[in-house]
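Below you'll find the structure, written out as C-alpha cells, and then a few comments.
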Amino acid sequence: RLARLAGGRGRFSLGYFFENRGIESGIPAGFTLTTLGHYAGIAAGYRYGYKLATAAAISPEEGGSLAANVELTHAKLGSSSNLEQQVFWGDGRLYLPVPFADHHVLALRGAGGVAFGDQLLQGNFVLGGGVGESPFTATSTRLFNLRGLPFATFARNRVWVASAEYRLPFFRVQRGLGTLPLAVNSAHLAFFADMGDAFNEGSVPFRPLLGLGGELR
C-alpha cells in the first residue's frame, strides 16, 4: 500500500511567562479577587506524533500522537504568593484501520489534567463543546471537548475525557467546474462517543457525562 508520512517527530519546548493580572473594570469597589497579582513561572511541553495515511484517506489511518505539558508558578519565579500552582495536562491519540474496509478508521483519544496549589477562581481546565480541529479552529490545549455539552460548560481544576470515533467515507467526487476555483472533493461520516468529567479537589471525582452522536464532515 502506498502511504505518506503525515508526521513523525518529537518536539520539546521550554519557556518562561509573566502576567500582571489587575482590575480593568466591572468589579465593585471593595471587592477582592484572589486571582489578581503576578502569575509567572515556567512552562514545558513535549509533543510526538507518527501518522500514516493513503492519498484517499479521510483521516490518519495508522499511528498516533502524544502530548504532555507542565506549568509551574512560584514566588521565586516572580509569581504572587497567592498564585502558586503546579499544573499538568496531556493528550494521547491512536488511529486503527478497520480490517476489510478501505479507509475506515477507529480513532481513540484519552486526555486529562490536574492542578495543585492555589485554586484559581476561573479554574484551570475547561470541559464542553466540540470545536473541531483545523487551522481555523485553534484553541487552548486546556480546552477538553465533550460533544453534547454547550461550549465551556465546566471550568475546574481536575478534568478527564475519553472518546472513540468510527470514521467511514461517504462520497468522493474530486471534480470541479472547469477552471473555476470551485470543486467538490470528499465527505465522510463519524459516529462518536465522548465521556468525561471536570471537578475540583474535594468534590465527587467520578460522575461521568456521556455524549453520543454522528457528524458529516
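The values are calculated or read from the model by the stated rules, or taken from the named source; none is laboratory data. Values in this document were obtained by computation on a predicted structure and should not be read as measured data. Don't worry about glycine lacking a Cβ; one is built from the backbone with ideal geometry, like all the others, and counts go over all protein chains shown. The area values use the complete protein model at the heavy-atom level, side chains included, leaving out ligands, DNA and RNA. Shrake-Rupley method; radii C 1.70, N 1.55, O 1.52, S 1.80 Å.
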From the set of residues in the stretch 112-148 that are in a loop (DSSP other than H, G, I, E, B) and of a type in the set (Val, Ile, Thr), which is modelled with the highest pLDDT?
-> Thr141
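Residues are listed down the side, and each one gets a yes or a no for (1) outside any loop (DSSP other than H, G, I, E, B); (2) at pLDDT below 80; (3) under 28 Å from the mean Cα position of the chain (by Cα); (4) hydrophobic (A, V, I, L, M, F, W, C):
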position	(1), (2), (3), (4)
Arg1	no, yes, no, no
Gly7	yes, yes, yes, no
Gly10	yes, no, yes, no
Phe18	yes, no, yes, yes
Glu24	no, yes, no, no
Ala29	no, yes, no, yes
His38	yes, no, yes, no
Tyr46	yes, no, yes, no
Exception for Phe151 within (1) over 15 Å from the mean Cα position of the chain (by Cα); (2) assigned to a loop (DSSP other than H, G, I, E, B) falls at (1)
Subset of the stretch 180-196 that is touching a Lys or Arg at 6+ places or on another chain (Cβ under 6 Å) and within 19 Å of Gly129 (Cβ to Cβ) - its residue that is surrounded by the most Cβ atoms within 10 Å (Cβ to Cβ) = Asp194
If you go through the stretch 73-89, how many residues are assigned to a strand (DSSP E or B) and open to solvent by 60 Å² or more (accessible area, probe 1.4 Å)?
-> 2
Inspect the stretch 160-179 for any residue being among the polar types (S, T, N, Q) and open to solvent by 70 Å² or more (accessible area, probe 1.4 Å) and give the result as yes or no.
-> yes
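Listed here are the residues, each with its yes/no results for (1) open to solvent by less than 50 Å² (accessible area, probe 1.4 Å); (2) under 30 Å from Gln174 (Cβ atoms); (3) touching a strand residue (DSSP E or B) at 6+ places or on another chain (Cβ under 6 Å); (4) assigned to a strand (DSSP E or B).
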{"site": "Leu66", "(1), (2), (3), (4)": "no, no, yes, yes"}
{"site": "Asn69", "(1), (2), (3), (4)": "yes, no, yes, yes"}
{"site": "Asp91", "(1), (2), (3), (4)": "yes, no, yes, yes"}
{"site": "Pro99", "(1), (2), (3), (4)": "no, yes, no, no"}
{"site": "Gly110", "(1), (2), (3), (4)": "yes, no, yes, yes"}
